[in-house]
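Accompanying notes for the structure given below.
The values are calculated or read from the model by the stated rules, or taken from the named source; none is laboratory data. Predicted model, so just to flag it, every value in this text is computed and none were measured. Here the Cβ positions follow ideal geometry from the backbone for every residue, glycine too, while neighbour counts run over all protein chains shown.
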Amino acid sequence: MKYFTLILVLILFSCGKKEDVLLPKSNITIVKEVQDLSPIYIFFKIEGKVTIADVNRKSSIISTNWILNIDKRLPLKLVIPEVMKLQEKKRADSAHKNENAENYYSYADSIGKKLAFLPFTKVFYKMERPVQGSFVVYLKKGKKQVFIGNKEIKIAEILKYFYSIKFEKVPNLVFLFDKEMSYEEYIQYKILLQKDVTHNLDTLPVEFIF
């Protein structure tokens, strides 16, 4: 726990005001270490009765690996629009672009008691429903499994189920996340998807938030 406390203290001083980020936790490590990085913070703030995702990217450098440290309490509907803006800025800056630079979400490794990282460089987000004809995997707030149509299955069985169907024309596989779920729940879903599904795919499915 000392490692996480140190991280929060660094955030407090680097931002010049008393703010911290509560990171999601998982007992699964996807990426252990990232070099040549720029930290970006998205804080949980309340103004009046309104929850706000407050972005601080003052220390970000386009040519480096970006580490997004996002507060787990924020709802996905507030987080993803800010992530999309950051992605668009990095993708559009051709003058400083580094093809090897990646984007990662950070989270707390509850086993090793240190930071771990989840890559999302190639993910494209859309704040809408998927178009008809797509093969939609729906990840719902508060559920441990996923829905495909009216069928509820385990995450580890998604590809097996997909490949068991004899399609006339193979549809696009897409993920639909409940916009009301917390960022922490989203990261926990993403870690399981990376572990059991997406590492087997040539291209990452588009992610819809609705």
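General observations
- Hits in the stretch 161-209 (condition: hydrophobic (A, V, I, L, M, F, W, C) and farther than 18 Å from Phe120 by Cβ): Phe162, Ile165, Phe167, Val170
- Tally of residues being part of a strand (DSSP E or B) and of a type in the set (Lys, Arg) across the stretch 144-184: 1
- Checking the stated criteria, Val55 turns out not to satisfy the condition of being under 24 Å from Lys90 (Cβ atoms), modelled with pLDDT of 95 or more and not in a strand (DSSP E or B).
- Residue within the stretch 159-173 that is within 19 Å of the chain's Cα centre (by Cα), more than 29 Å from Ser63 (Cβ to Cβ) and not assigned by TED's automatic domain parsing to the domain that holds Gln35 present: yes
- Lys195 being in contact with a strand residue (DSSP E or B) (Cβ under 9 Å, 6 or more places away or on another chain) and either over 23 Å from Lys77 (Cβ atoms) or assigned by TED's automatic domain parsing to the domain that holds Leu22 (or both): no
- Contacts under 6 angstrom Cβ, first residue in the stretch 120-148 being among the hydroxyl-bearing types (Ser, Thr, Tyr), partner in a loop (DSSP other than H, G, I, E, B), 6 or more apart: Thr121/Glu102; Ser134/Pro171; Ser134/Asn172
- Of Ile148, Ile155, all but one fail to be closer than 21 Å to Val31 by Cβ, at pLDDT 95 or above and out of contact with any Lys or Arg (no Cβ under 8 Å at 6 or more places or on another chain); the exception is Ile155.
- Only one of the listed residues (Lys77, Lys143, Lys97) is modelled with pLDDT under 95, touching an Asp or Glu at 6+ places or on another chain (Cβ under 9 Å) and of a type outside the set (Phe, Trp, Tyr). That residue is Lys143.
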